[in-house]
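K.L.:
Got a structure for you, written out below as structure tokens; questions coming shortly.
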Amino acid sequence: MSLNKVSVGESLKASAHNELIERVNRQTAGNTAGKPLLGSSTLLVQNNTGRAILTGESVAIESWTGPTTGDIEDIAANVSLRVEATTWTTGVIGTAQIGTTLVVGGTPGNHGKIVVAAEPIPANEFGLVITSGNCMMKVSTTDDGGYLMIDPDDPKQFRATTGGVARFISRINNDYVLGDLWNLDGNLWRYRLLGDANGPDDTEIELRELSGNVYASSTSLSDPLSMLSGYSTDYEGFCVYIGGRFFDVAGPCTG
């Protein structure tokens, strides 16, 4: 609905008043009323995780329905986005390892974009998520660091590390930090092969921070061009996180 100005003496229709309230709620979700969002992009989504989502938790855009109209003016309001729980996949199951529960079946490409809840969203209800920019992010530890990544042990929360999907800005309290979501200048990681290279199929790896500390004991490394052909267990190298997958990249390494 479009909001039109009223003249002095005219009454404000209930529908217009309700729309105004809805717009204020959408524009201040997760913030004190009147306080603008922290330079963020948001989407209205339906919670399809089966549980209530808390502010700052990680979810992934799973699917969408619509539009059911051919009117271009109505299409934007006629598409419904749904979010699922974010999961961390271990072992070699396909070509994607961070994303929605659909990935557990190993179907290539079925990983959703990681987003952050801008407000509490009850199960099956609609609410706002942040797709990029500054936001409050729920963390599983009190560690501070340069970047934030999904915690393999608790994927609905984030953890400070040397790479990830968001840049760490500052700590708010023990449970929340301020992060810059999808600041991808920190997507470089180290890894160790847990078996012989298996390109063009995935190979199981131990994911490590740039410091060498183990971040995840198991996940998948994508090598579609078989660049690691001939390398065996315990080989170490570098990888990048792109679109829900880790890819091997050239760099200093030991064999």
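K.L.:
In whole percent, and with a 1.4 Å probe on the protein chains, what portion of the accessible area of region 198-255 is carbon and sulfur?
P.N.:
Carbon and sulfur: 52 percent of the exposed surface of region 198-255.
K.L.:
Right, next: Using a ≥ b ≥ c from the Cα gyration tensor of region 142-255 (square roots of the eigenvalues), is it rounded, prolate or oblate, where a/c under 1.5 gives rounded and otherwise the larger of a/b and b/c decides, a/b for prolate?
P.N.:
prolate
K.L.:
Tell me the per residue accessible area of region 117-224 using a 1.4 Å probe; a whole number in Å² is fine.
P.N.:
On a per-residue basis, region 117-224 sits at 39 Å².
K.L.:
Let me ask something else about it. Convex hull over the Cα atoms of region 194-246, averaged projected area in nm²?
P.N.:
3.4 nm²
K.L.:
Rounded, prolate or oblate: pick one for region 121-160, where a ≥ b ≥ c are the square roots of the eigenvalues of its C-alpha gyration tensor, a/c under 1.5 means rounded, and failing that, prolate if a/b is larger than b/c, else oblate.
P.N.:
Oblate, since a/c reaches 1.5 and b/c is not below a/b.
K.L.:
Next up: Where does the charge balance sit around residue 175 when Lys and Arg score +1, Asp and Glu -1, over other residues with C-beta under 14 Å from its C-beta?
P.N.:
-1
The values are calculated or read from the model by the stated rules, or taken from the named source; none is laboratory data. For clarity, every value in this text was computed on a predicted model and none was experimentally measured. For neighbour counting, all protein chains shown are included, and Cβ atoms are generated from backbone atoms with ideal geometry for every residue, glycine included. When the accessible area is computed, the model is the full protein with side chains, heavy atoms only, and any ligands, DNA or RNA have been set aside. Shrake-Rupley method; radii C 1.70, N 1.55, O 1.52, S 1.80 Å.
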